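One structure below.
Please treat every number below as a calculation from the coordinates, not as lab data. As the structure is a computational prediction, the values presented were derived from the model and not from experiment. Every residue, glycine among them, receives a Cβ derived from its backbone with ideal geometry; neighbour counts consider all protein chains shown.
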Amino acid sequence: MHKHKEQQNENQAEPKDKCPQCDEYLNGWKRALADYENLKKQTAKEKEEFAKFANTNLIIGLIPVYNNLKISFGHLPADLKNNNWVKGIEHIRKQMLDVLEFNGVEEIVPKIGEKFNPELHEAVKSEEQIVNSEQITDDKQQTTDHKIVKVLSDGYKLNGRVFMPAKVVVA
């Protein structure tokens with residue numbers, strides 16, 4: 001029986017001798033665990049990013065339909081504005097906009113006179129403004145440059161990223 005107690009005492013003493021090696025293993029395990037946690041976070045972020053933009057092709061396909069609905073209401077004769085059928089179609093246009101917005105789509109609606117922003121707008125054409133050169137100093141000329149003078153079509157963002165810039169004419 002004394003031998004058994006001696007072996008137990010020896011076994012208890014062994015871990016003290018191997019502590020540097022145990023610490024090395026423990027630190028390696030902690031690093032591996034931290035790497036695994038970082039990988040889980042990165043994978044979750046990538047999945048979220050994928051989900052945000054997974055419907056991009058569908059949305060890009062719906063945008064021309066929505067734009068055509070908007071354009072058609074811009075050409076609506078005044079005598080039809082109170083027509084129930086027209087009101088129903090307007091309701092469908094509004095529903096479509098709600099679906100697009102729910103899926104992260106934002107409209108980029110430039111205004112005439114607004115400063116041209118290459119991140120949001122695509123300059124399809126540039127026009128010179130006819131101005132009496134004696135009335136404008138160089139400082140005033142700079143303030144009129146790169147202003148939107150005509151909007152050809154609105155643009156769109158998907159989850160904050162421009163995927164279809166607004167088409168404009170600038171001066």
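Stretching the chain fully between Lys157 and Lys115 yields a gain of 13.3 nm (0.36 nm per residue, less the alpha carbon separation).
With both labels modelled 7 Å from their Cα along Cα-to-Cβ, the Val99 to Val169 distance reads 3.4 nm.
If each residue of separation counts as 0.36 nm, what is the full-extension length gain between Asn68 and Arg31 once their alpha-carbon separation is subtracted?
On the way: separation 37, 0.36 × 37 = 13.32 nm, distance 5.65 nm.
Difference between extended and current length: 7.7 nm.
Take the Cα of Val149, step 7 Å toward its Cβ, do the same at Cys19, and the gap between the two points is 8.3 nm.
For region 157-165, putting each phi into the Karplus relation 6.51 cos²θ - 1.76 cosθ + 1.60 with θ = phi - 60° gives couplings of 10, 10, 6, x, 9, 6, 10, 8, x Hz, in residue order, rounded to whole numbers and with x for Gly and Pro. Over 23 Å apart at the Cα level, from the set Lys125/Lys147; Lys147/Lys167; Lys81/Lys125; Lys52/Lys125, are Lys81/Lys125; Lys52/Lys125.
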